[in-house]
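The values are calculated or read from the model by the stated rules, or taken from the named source; none is laboratory data. Worth saying up front: this structure is predicted, and the values here are computed from it rather than measured. FYI the Cβ positions are ideal-geometry reconstructions off the backbone, even for glycines, and counts take in every protein chain you see.
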Amino acid sequence: MYLPVEYVVTSSFTAMDKQSAIKALDDQIDKLEMTDDAAKSLLADLKVGLDMVSSGYISFGKSHQTLVVFADSPERLVKDTNIVTSTLEDLGLIVTYSTLSLGAAYFAQLPGNYTLRPRLSTLSSLNFAEMGKFS
């Protein structure tokens with residue numbers, strides 16, 4: 001992502017064991033089926049994901065991404081942050097600002113602070129690899 005802004009992007013992915021991934025997918029499928037959710041394509045995608053994990057084609061894991069913007073002044077920081085935010089949202093990503101987890105988000109970028117990663121989400125290895133296009 002090329003922007004007229006100074007920033008650092010950090011990503012991590014910790015693979016789950018196969019049985020944990022299968023259980024997480026089964027649980028999500030059960031929730032959608034029990035609520036008779038209208039998102040039929042999501043349910044179909046989850047079932048494909050379950051098949052791919054069971055077959056060993058992909059894995060699932062815990063992932064985090066942080067993006068820290070640097071600027072010379074508070075005013076410039078706000079402007080640059082807005083540029084980054086609007087660009088990421090235009091790409092379909094959901095941007096969340098760190099407030100209470102600001103320290104953890106910053107220090108999780110550094111080696112040895114793996115346990116500080118805030119807002120871990122479950123993601124497939126394929127989705128994580130695709131996220132590399134945004135950095």
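The table below lists the values:
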| quantity | calculated |
| --- | --- |
| Residue in the range 82-90 that is over 19 Å from the mean Cα position of the chain (by Cα), charged (D, E, K, R) and over 15 Å from Tyr7 (Cα atoms) present | no |
| Wholly within the range 1-113, helices (runs of 4 or more DSSP H) carrying at least 3 residues that are aliphatic (A, V, I, L, M) and in contact with a helix residue (DSSP H, G or I) (Cβ under 7 Å, 6 or more places away or on another chain) | 18-34, 40-55 |
| Qualifying residue in the range 120-133 (condition: surrounded by fewer than 16 Cβ atoms within 10 Å (Cβ to Cβ), touching a helix residue (DSSP H, G or I) at 6+ places or on another chain (Cβ under 9 Å) and not in a helix (DSSP H, G or I)) | yes |
| Any pair with Cβ under 8 angstrom, 6 or more apart, that starts in the range 23-35 at a residue that is within 20 Å of Ser54 (Cα to Cα) and ends at one that is basic (Lys, Arg) and in a helix (DSSP H, G or I) | Ile29/Lys47 |
| Residue in the range 98-108 that is at pLDDT below 90, surrounded by 15 or more Cβ atoms within 10 Å (Cβ to Cβ), assigned by TED's automatic domain parsing to the domain that holds Tyr7 and closer than 13 Å to Ser12 by Cα present | yes |
| Members of the range 109-119 found to be surrounded by fewer than 15 Cβ atoms within 10 Å (Cβ to Cβ) and either in the same structural domain as Asp26 (by TED's automatic domain parsing) or not small (Gly, Ala, Ser) (or both), listed by number | Leu110, Pro111, Asn113, Tyr114, Thr115, Arg119 |
